[in-house]
Amino acid sequence: MTALTAQVAEPAPPPPDAHAPRRRGVELTLLAGAVLISVLGHLYVGLATTGRIPAGSARYAGGLAGAALLAHLAVRLRAPYADPVVLPIAVLLNGLGLVLIQRLDATTPAHLTADDQLLWSAFGAALFVVAVVLLRDHRTLQRYAYLSVAAALVLMLVPVFFPAVNGAHIWIRFAGLSFQPGEFAKILLAVFFASYLAANRTALALTGRRLFWRLRLLPGRVLGPILAIWLLSVGVLVLERDLGTSLLFFGLFVIMLFTATGRIGWIAIGLVLAGLGAYAVGTLEPHVNSRVDDWLNPFASIDRGEGPGQLAQSLFSFGAGGLLGAGLGHGQSFLIGFAAKSDFVLATAGEELGLVGLTAILLLYGLLVSRGFRTGLALRDPFGRLLATGLASIVALQVFVIAGGVTGLIPLTGMAMPFLAQGGSSVVTNWIIVALLVRLSDSARRPEPQESAA
Amino acid sequence: MIRYIRWCAYFCALLLVALLVNIGRVQVWEAAAYGANPANKRPAIARYAEPRGDVLVDDRPVTGSRDSGQVLRFERTYANGPLYAPVTGYSSQTYGTSFVERAEDAVLSGTDPGLSAFPLWYELSRGRPGGGNAATTIRAAMQRAAYTGLAGKRGAVAALEPATGKILALVSSPSYDPGTLSGTGPRAEAAWARLNADPAKPMLNRALRETYPPGSTFKIVTAAAALDSGTVTDVDAPTETPDPYPLPGTSTLLPNAGTGCQDASMADAVQWSCNTVMAKIGVRVGLRGMVEAARRFGFNEDGLRVPSWVSRSNFDTDMSQDQLALSSIGQFNTKATPLQMAMVAAAVANGGELKAPYLVDRTTQDDGSPVRRGAPRSLGRAMTPATALRLQELMVKVVDNGTGRNAAVPGLVVGGKTGTAQHGVGNAGTPYAWFIAWAKAEGTGLPGVAVAVVVEDASAVRGDISGNGAAAPIARAVIRAALPVPDPGPAAPAPDPAEGPAAARGPARPQGPARPQDPARPQDPAPARGEVPAPAAPVPEAGPGGGPR
């Protein structure tokens, strides 16, 4: 009780230094490094797979450098105090993703995707610029909470009416383009959660009947709507058999609720319920059931004489990479099969860049996530804090779920590795997340107006 | 809220640590187990990602690689598959490797650490150097001569360089094209099934892996044992042997195929292949002496590698006197590979010292720089030099004026020994025709070449089968391919287009630079000169119970 009151009464963090450095030069230097690494990787893949510099090198290098430069200019002009690390990490991850897809294209000449991915990345970067330029203050978003949640639900419901792809109703195929609306829904949902919880967090934290010990029943009047929306979204996802995203939404909901209320008992109850639900789905739903079986015994299909399954092939890939990797273009991750570029793109990174390269990539994500949390800590408004926390958690959970899945840590759920995996909606969504993080970090680091005027 | 954001951050950090620990487990701890999983195709893909190194004969590749465009990219090709199959073996993506392809697999596939000056670099970079080459000791002209000589018949030829043990020819007939087994898929599987079901056993390497009763060729071992043990001191002294000879302790009579063997000396017995005399000499030497002599020649040795393993040649170590008598003329349980009998001839030619036979002269990197070099190695002394000299004289008589005159080559000193081995239950099988020989240029002490030839189904007509008729002409052709003869025939014959200049590129012989006459050429018909044994001569070779023809 005392802890909770103290929490609510907590003073705002000290205002940032009046002479807070903008660090735009640092960002530009890091961006140059990120583009350079990506372009070198691109050239290396070309030399390793075909023995010559790939034909699209100029387009790749130009596109990446141009996008990075435009994004940097947008930040420099409209978010000058933004965290200088966020944008370079996004550019580097996106560049590496393009390199990996280009490398996997070399083994699937009938199904080239690198150019599409480059186009989607450019589109994502453009949206980044638009978002940074148009969204002057993140608090504007608070106003659109209910619009957001309505849009999110519509986006998630629409794919139900489209045919399933690989067992999941999560795509909209339209005019030759495929599109995963659930990707966008997660941002909208994060905005809604942040807005709703910021508005109601005092009621959530302080009211409610005491059950036993420190566990309090949250007031239904406040909790009801948000719980209903969360249940609805998870229900829809289960209907669509998109387990990865429902897991993500569950985690997002729990983390944001916890951040807003500090009620750890509810987290525990949520986890128990989620565990029960996952167990029920895992036993009853054959699509999920087989994935759990795969996770428990990835080599069962080999023993049955059916050859290695996807997960076994993925583990073979990681194992083949070892400490230093086979080198870009020298791995055999194409053995994984059709999902090598999407769900299993990390296996190519593991095989060709090794434990060292994979650790570096995961640390990049870790750095990105930590910058999100830092922004949340530095911000002064509850909405901004919750939104930054939510966005950082989305990235963290997504990386954990997919990376844990392909390395056999947890059962595999179809999800896209942020920026690395092939998939347009995913890349665009992640660019928007980065745009929001840049906007939030600009607010967090911006000096107080009267001080900067002084 | 600050506190809870921190907790969330710690939670995410925990997730990151879990991921990192797990990838460490997968990529380091489990990596070896994953790599060794038989369902993991990576080792096979890496193995076939580069063209395999070549097997060389006379410094020319007899193998090649073909880019199949498949996941297992490079497949083996064979330039002259059936001819060299007993040497190269096969290298199949489905069925593995055999013979030199197997013995030198590390070099050929590029995994041998000797292929790189900096093995550690390849270890680190996970690359592998290009496949190296294995240069064999085979000489193309001799191989072709032996193969052509055997054409259409079942049999085998092994030829050695007596002074070094280099295997100069290794032929098994009928043969097969190892290239048909190279790839994956139904074609290789069908070829494998067909070759394994073939009653002629084309994949059997008869020169190394099949043992035959050596018949009368084994009499050389018996003679060496007799001379070395002092049982026979004067090869020309009569032996007081009855004809037929009653096997000791039995009432069975051992006949000779021809006449003139009664009381014959050992020299005559070798020259005319008298069963009675040599059986009796073997009994006089005794079991221990005979076993010891056979062992010195390489019988009863399991570990012979050339570098492929060679079947054990057998001389029983526990026998009754009558069995010993039969064994001394290469019957009963005595069995020998053609290579073993070539070793017997080579030991005689080399003054009694037996050299370990070997097939790979050297392995090199793909740029030709050496990896390893095969070196002559002694297997010890099979007989004293004096005995060897004595046996050389006896064997020369066999060819000059004995049972082996079909092997004579004018201008060369050729020593030989015929053999016709009974086999099968009640001798029902068609006899095996044997001939072992060695040759050198006249007026030189250097031993040139030693050959063993066995022909399984020499002729449909049982009575016509003899070492001299079926096997000696092949040995002669191989000898002619091995040693340059001051050829009275058409000078400097045109190079055989099939062999090209390679035949002339063989290692320089001590006898001079002249090119050996190609045995495959039509002017050199295999049964030479129409020489037939003199009518007075006893018809050689008959095993126990063979009875008069």
task = Report the residue count in the stretch A:413-436 for those that are crowded, with 24+ Cβ neighbours inside 10 Å, among the polar types (S, T, N, Q) and not in a helix (DSSP H, G or I).
result = 1
key: Those residues of the stretch A:317-331 which are buried (at least 24 other Cβ atoms within 10 Å of the Cβ) and more than 10 Å from chain B (Cβ to nearest Cβ), in sequence order   = A:Leu328
task = Please state which of the following conditions B:Tyr90 fails to meet, knowing it meets all the rest: (1) within 14 Å of another protein chain (Cβ to nearest Cβ); (2) at pLDDT 90 or above; (3) buried (at least 16 other Cβ atoms within 10 Å of the Cβ).
result = (1)
ask   = With respect to A:Thr348, is the statement that it is buried (at least 22 other Cβ atoms within 10 Å of the Cβ) and closer than 27 Å to A:Val191 by Cα true?
value = no
inquiry  = For the list (1) touching a Leu at 6+ places or on another chain (Cβ under 8 Å); (2) aromatic (Phe, Trp, Tyr); (3) buried (at least 21 other Cβ atoms within 10 Å of the Cβ), I need the number of the one condition that B:Tyr212 fails.
reply    = (1)
inquiry  = Restricting to the stretch B:286-314, name every residue that is hydrophobic (A, V, I, L, M, F, W, C) and part of a loop (DSSP other than H, G, I, E, B).
reply    = B:Phe299, B:Leu304, B:Val306, B:Val310
request  = Among what's in the stretch A:124-164 and is among the hydroxyl-bearing types (Ser, Thr, Tyr) and in contact with a Ser or Thr (Cβ under 9 Å, 6 or more places away or on another chain), pick the residue that is farthest from A:Pro80 (Cα to Cα).
outcome  = A:Tyr146
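Listed here are the residues, each with its yes/no results for (1) farther than 29 Å from B:Ala9 by Cα; (2) within 11 Å of chain B (Cβ to nearest Cβ).
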{"position": "A:Pro225", "(1), (2)": "no, no"}
{"position": "A:Leu231", "(1), (2)": "no, no"}
{"position": "A:Leu239", "(1), (2)": "yes, no"}
{"position": "A:Thr245", "(1), (2)": "no, no"}
{"position": "A:Val254", "(1), (2)": "no, yes"}
{"position": "A:Phe258", "(1), (2)": "no, yes"}
{"position": "A:Val272", "(1), (2)": "no, no"}
{"position": "A:Ala300", "(1), (2)": "yes, no"}
{"position": "A:Leu315", "(1), (2)": "no, yes"}
inquiry  = Take A:Gly270 and tell me if it is among the small types (Gly, Ala, Ser), at pLDDT 80 or above and surrounded by 15 or more Cβ atoms within 10 Å (Cβ to Cβ).
reply    = no
remark   = By residue number, the members of the stretch B:6-39 that are at the interface with another protein chain (Cβ under 7 Å from one of its Cβ atoms), hydrophobic (A, V, I, L, M, F, W, C) and more than 30 Å from A:Ala199 (Cα to Cα) are B:Leu16, B:Ala18, B:Leu19, B:Leu20, B:Ile23, B:Val26, B:Val28, B:Ala31, B:Ala39
ask   = Only one residue in B:Leu150, B:Leu120, B:Leu124, B:Leu72 is at pLDDT below 90, crowded, with 24+ Cβ neighbours inside 10 Å and of a type in the set (A, V, I, L, M), so which one is that?
value = B:Leu150
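Within the stretch A:305-352, take every residue that is hydroxyl-bearing (Ser, Thr, Tyr) and in contact with a Leu (Cβ under 9 Å, 6 or more places away or on another chain) and give me the one that is nearest to B:Ala33 (Cα to Cα). I'd like the intermediate steps shown before the answer.
We begin by selecting, within the stretch A:305-352, every residue hydroxyl-bearing (Ser, Thr, Tyr); these are A:314, A:317, A:333, A:342, A:348.
Pick out the ones that are also in contact with a Leu (Cβ under 9 Å, 6 or more places away or on another chain) and you get A:314, A:317, A:333, A:348.
Working: A:Ser314: 14, A:Ser317: 12, A:Ser333: 17, A:Thr348: 19 Å.
Only one residue fits best here, namely A:Ser317.
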task = Name the one entry in B:Arg66, B:Arg47 that is crowded, with 16+ Cβ neighbours inside 10 Å, out of contact with any helix residue (DSSP H, G or I) (no Cβ under 8 Å at 6 or more places or on another chain) and of a type in the set (Lys, Arg).
result = B:Arg47
inquiry  = I'd like to verify a number: residues in the stretch A:337-357 that are over 17 Å from the mean Cα position of the chain (by Cα) and within 11 Å of chain B (Cβ to nearest Cβ), how many?
reply    = 10
query = Condition test on A:Phe334, is it within 9 Å of another protein chain (Cβ to nearest Cβ), in contact (Cβ under 8 Å) with a residue 60 or more places away in the chain and either of a type in the set (S, T, N, Q) or in a helix (DSSP H, G or I) (or both)?
reply = yes
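Quickly run through the stretch A:376-412 and pick out the residues that are part of a loop (DSSP other than H, G, I, E, B), facing another protein chain (nearest Cβ under 10 Å) and in contact (Cβ under 8 Å) with a residue 40 or more places away in the chain. Spell out the reasoning first.
Taking the stretch A:376-412 first, the residues part of a loop (DSSP other than H, G, I, E, B) are A:379-381, A:407-412.
Those left that are additionally facing another protein chain (nearest Cβ under 10 Å): A:379, A:407-410.
Residues satisfying the conditions are A:Leu379, A:Thr407, A:Gly408, A:Ile410.
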remark   = Among (1) farther than 16 Å from B:Thr222 by Cα; (2) surrounded by fewer than 19 Cβ atoms within 10 Å (Cβ to Cβ), B:Glu292 falls short only on (1)
remark   = Residue hits (the stretch B:274-289; touching a residue at least 60 places away in the same chain (Cβ under 8 Å) and surrounded by fewer than 22 Cβ atoms within 10 Å (Cβ to Cβ)) are B:Gly289
Matching entry among B:Arg3, B:Arg42, B:Arg52 (being in contact (Cβ under 8 Å) with a residue 12 or more places away in the chain and either within 14 Å of chain A (Cβ to nearest Cβ) or buried (at least 23 other Cβ atoms within 10 Å of the Cβ) (or both)) = B:Arg52
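The values are calculated or read from the model by the stated rules, or taken from the named source; none is laboratory data. Small disclaimer: the values here were computed from a predicted structure and weren't measured. We place every Cβ from the backbone using ideal geometry, glycine too, and count neighbours over all the protein chains shown.
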